[in-house]
Every structure is written in C-alpha cells, then in structure tokens.
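Report on one structure; see the data block that follows.
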Amino acid sequence: KISAKAAAELDRSGAQGGSDAAAAADARRLDEMRGTYMPAAGEAAAWDQTEELLVVDEPDDDGVPRGWFSRNVGGLMANVAGTQTLRRDQVDPVMEELKKKLLEKNVALEVAEAITASVADGLVGKSVERFRGAASMIRDALAEAVGRVLTPKRSTDVLREVLACKAKNQGPYSIVFVGINGVGKSTSLSKVAYYLKEHGVDVMITACDTFRSGAVEQLRSHARCLDVELFEKGYLKDPADVARASLAHARTQKRDCVLIDTAGRMQNNDKLMRELAKLVTVNSPDLVLFVGEALVGNDGIDQLNMFNKSLSQFCPDGRQIDGLVLTKFDTIDDKVGATLSMTYKTGQPIMFIGVGQKYTHLKKLSVNAVVNSLFM
C-alpha cells in the first residue's frame with residue numbers, strides 16, 4: 001500500500017502529466033521548425049553567393065559558341081574587324097534579336113523596347129576591337145540597362161539603411177510586410193529577421209495579424225526558432241494600436257529594427273485596406289514591403305498596382321509601397337522577364353527574393369543573375 005502523496009506523484013493523467021506532455025510536444029514542434037527552416041551546419045546563405053555575368057561564353061570543341069548570346073550577338077557582330085566605331089546600322093540588327101529574346105522570356109514589349117533602346121544609345125559611337133569586344137560591350141550595356149530597371153526609385157540595400165539608423169541612434173527602424181493571403185508573408189518576414197540578425201541587428205517581430213486563426217502562434221514559433229522577441233497582444237485588437245505599442249516597447253528595449261507582420265488582404269477589400277492604411281499612417285514605418293509570389297508573372301503587375309492605389313487612397317499622405325519581396329523565385333524559370341516588367345511598370349524595386357524554404361534562402365536580386373537567365 002502506498003500513500004496518497006506517492007500515488008499522486010505517480011499519476012501522469014493529471015495537471016503535472018498534462019503539463020509535461022505539452023512541454024514535450026512543444027519541444028518537438030520547435031525541433032521540427034528548426035529542421036525545416038534553420039540552415040545545416042556549414043551551409044552557405046544565399047545572400048553570400050555571387051553570380052558572374054556569363055552570357056559571353058567560350059566556344060565548344062568544334063568552335064561553336066555554347067550560349068544563345070554568343071551564338072546570336074557574336075554572329076551578328078562578326079563583321080566588326082579591327083578597331084572601329086560602332087554604327088547604328090551595325091547595332092540595330094543586334095537590338096532586334098535582343099528584343100525578340102526578351103519577349104520570349106515574358107518581358108513586356110514596352111520594357112523590352114526601353115531596354116534595347118538604352119543599350120543601343122550607349123553603344124553607337126563607341127570604339128571597339130573585334131566582335132568579341134563588341135559582344136562583351138553589349139553584355140555590359142545590357143547589365144547596366146537591367147540594373148536601372150531593377151532600382152528605379154531608391155536603394156535596395158535594406159541592411160545599410162537599418163545600420164545607418166542604428167548608428168545615428170534613431171531607431172528602431174520599422175518595416176511593415178503587406179500583401180494578399182497565402183503568399184508567405186510571415187515566412188518572408190522571418191527570413192529577413194534571420195538575415196538582419198546574422199549581420200548584427202537586434203530584431204523584434206510584431207504580430208499585427210490579429211484576425212487569422214493561428215497567425216500569432218505561427219509567428220511565435222518562428223520567433224522561438226530565431227531566438228528573437230515577439231511582441232503580440234493576441235487577437236481581435238486594432239493592428240495600428242498593436243504596432244504603435246510594439247514600437248514604444250522596442251525603443252525602451254533599445255531594439256534596432258522592428259518587423260511588423262500584417263493580415264493578408266485583397267486589394268479590393270475597402271475595410272481591410274483602410275485598416276492597413278491606418279496602421280501605416282499612425283506608425284510611419286521606414287519601409288512598407290509588398291510580399292508576392294514570383295510565380296504569378298505579369299498578373300502580379302495588376303495586383304500590385306491595385307494594392308498600391310488602394311493604400312495610397314486611404315493614407316492621408318498618399319503613402320505607397322516602397323519595395324517588393326518576391327517568394328518562390330527559384331521556381332519561375334522563364335517568368336524572370338515578368339519580374340523585370342513588374343519593377344519597370346510599377347516603379348517598385350525588388351528588395352529581396354526567396355529562393356527556397358530555409359531562413360538562409362533569401363537574397364537580393366542580382367542583375368547578373370537576371371541577365372544570365374534572359375540570355376544564356
């Protein structure tokens with residue numbers, strides 16, 4: 001016979017047993033999250049990987065150029081012998097081939113025409129030695145033209161802006177993530193949090209999706225995995241008030257940067273767009289980033305323009321989106337051209353692209369990678 005006290009200690013069906021089971025389940029979920037999102041030991045982050053401009057390639061063993069660019073542009077420029085100045089009649093046929101290729105890659109016509117006109121203007125009258133020199137010159141001019149399209153308004157170096165704010169003791173730097181439902185806002189936000197933290201930034205996450213069931217819990221799991229603070233007030237709260245309280249808290253805690261998650265919403269939902277406009281107006285974030293799927297291609301242009309128009313309509317100061325985060329960029333293949341068109345037509349630079357599931361699968365959009373994708 002055992003005492004009542006001993007029997008209670010052996011009983012795992014009560015509060016203590018339930019608490020232990022919950023703790024074990026919580027630990028398992030955290031391990032699963034780490035396995036899914038944390039990089040493997042020694043794994044290089046996508047943002048540390050560089051890509052060279054490779055469109056001008058060496059010929060194969062039979063002397064035939066391997067890539068489209070060298071086969072087509074090189075062939076057209078083969079009549080450039082010795083040292084001479086490029087003429088319009090030499091450059092225009094090459095630009096026509098480049099335009100055709102851009103259109104094949106889902107670049108909008110007006111964008112393809114703008115890029116090739118820019119390249120042509122930069123080439124005519126230039127001195128060049130032999131056709132390979134001309135091909136390299138065209139390649140470099142293409143990279144410059146694409147670079148201008150991808151950075152139409154402002155710098156895309158978010159890290160530099162955050163660190164500059166920190167150096168001036170003007171923090172916290174605040175970033176609001178917006179977009180429609182189901183595009184990966186919370187995961188993208190968490191990737192940016194990891195990226196900033198890896199570069200010495202003290203990050204805090206704020207949960208302002210106070211309506212979708214499970215939204216706060218999802219962010220809490222990411223925050224634990226990232227080992228950063230999560231500021232949340234639960235559900236059915238005014239997101240603008242939650243964001244304001246989080247920024248005040250971040251100032252007292254000397255945080256460098258606050259990443260604010262918001263509920264997904266369609267751009268034609270006036271109620272939710274007014275709510276978002278209130279959050280932006282009340283808190284004046286340093287950056288408003290629109291998260292969208294790269295997979296939608298040219299459809300994303302209309303989606304983004306409507307979202308931007310709706311936001312600016314309800315913000316008293318006409319505030320608009322400052323930049324884009326494109327998810328699933330590693331799966332778009334020929335739709336990279338549509339991404340170029342999106343930036344050109346909306347005037348919004350691409351700040352980050354997601355290239356996989358892990359926190360390290362985030363990078364800035366490389367001009368070289370875009371040019372290689374279009375013309376290799």
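The values are calculated or read from the model by the stated rules, or taken from the named source; none is laboratory data. Keep in mind the model is a prediction, meaning the values are calculated, not measured. All Cβ positions, even for glycine, are placed from backbone atoms using ideal geometry, and neighbour counts span all protein chains on display. Just the protein is used for accessible areas: all its heavy atoms, side chains included, with ligands, DNA and RNA removed. Shrake-Rupley method; radii C 1.70, N 1.55, O 1.52, S 1.80 Å.
Within the range 324-366, being part of a strand (DSSP E or B), under 16 Å from Glu51 (Cα atoms) and among the β-branched types (Val, Ile, Thr) holds for one residue alone: Ile353. From the list Phe352, Phe314, the one residue that fits, being within 24 Å of Val258 (Cα to Cα), at pLDDT 85 or above and either among the hydroxyl-bearing types (Ser, Thr, Tyr) or surrounded by fewer than 21 Cβ atoms within 10 Å (Cβ to Cβ) (or both), is Phe314. Residues considered: Ala46, Ala8. Of these, the only one that is modelled with pLDDT of 80 or more, of a type outside the set (Ser, Thr, Tyr) and either surrounded by 10 or more Cβ atoms within 10 Å (Cβ to Cβ) or on the phi > 0 side of the Ramachandran plot (or both) is Ala46. Take the conditions (1) at pLDDT below 90; (2) open to solvent by 20 Å² or more (accessible area, probe 1.4 Å); (3) touching a strand residue (DSSP E or B) at 6+ places or on another chain (Cβ under 8 Å); Glu161 misses just one of them, which is (1). Of the residues making up the range 176-195, those that are under 16 Å from Ile353 (Cβ atoms) and not in a loop (DSSP other than H, G, I, E, B) are Phe177, Lys185, Thr187, Ser188, Leu189, Ser190, Lys191, Val192, Tyr194, Tyr195.
Results for (1) surrounded by fewer than 23 Cβ atoms within 10 Å (Cβ to Cβ); (2) among the charged types (D, E, K, R), shown as yes or no for each residue.
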residue: Gly179; (1), (2): no, no
residue: Lys185; (1), (2): no, yes
residue: Glu217; (1), (2): yes, yes
residue: Cys225; (1), (2): yes, no
residue: Glu229; (1), (2): yes, yes
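Criterion first (of a type in the set (Lys, Arg), over 21 Å from Ser188 (Cβ atoms) and open to solvent by 40 Å² or more (accessible area, probe 1.4 Å)) does Lys364 satisfy it? For Lys364, the condition - of a type in the set (Lys, Arg), over 21 Å from Ser188 (Cβ atoms) and open to solvent by 40 Å² or more (accessible area, probe 1.4 Å) - is not met. If I filter the range 324-332 for residues that are in contact with a strand residue (DSSP E or B) (Cβ under 8 Å, 6 or more places away or on another chain), modelled with pLDDT of 85 or more, of a type in the set (Ser, Thr, Tyr) and surrounded by 19 or more Cβ atoms within 10 Å (Cβ to Cβ), do I get at least one hit? Within the range 324-332, one or more residues are in contact with a strand residue (DSSP E or B) (Cβ under 8 Å, 6 or more places away or on another chain), modelled with pLDDT of 85 or more, of a type in the set (Ser, Thr, Tyr) and surrounded by 19 or more Cβ atoms within 10 Å (Cβ to Cβ). Remark: Arg255 falls outside the filter, which requires a residue to be open to solvent by less than 20 Å² (accessible area, probe 1.4 Å) and assigned to a loop (DSSP other than H, G, I, E, B).
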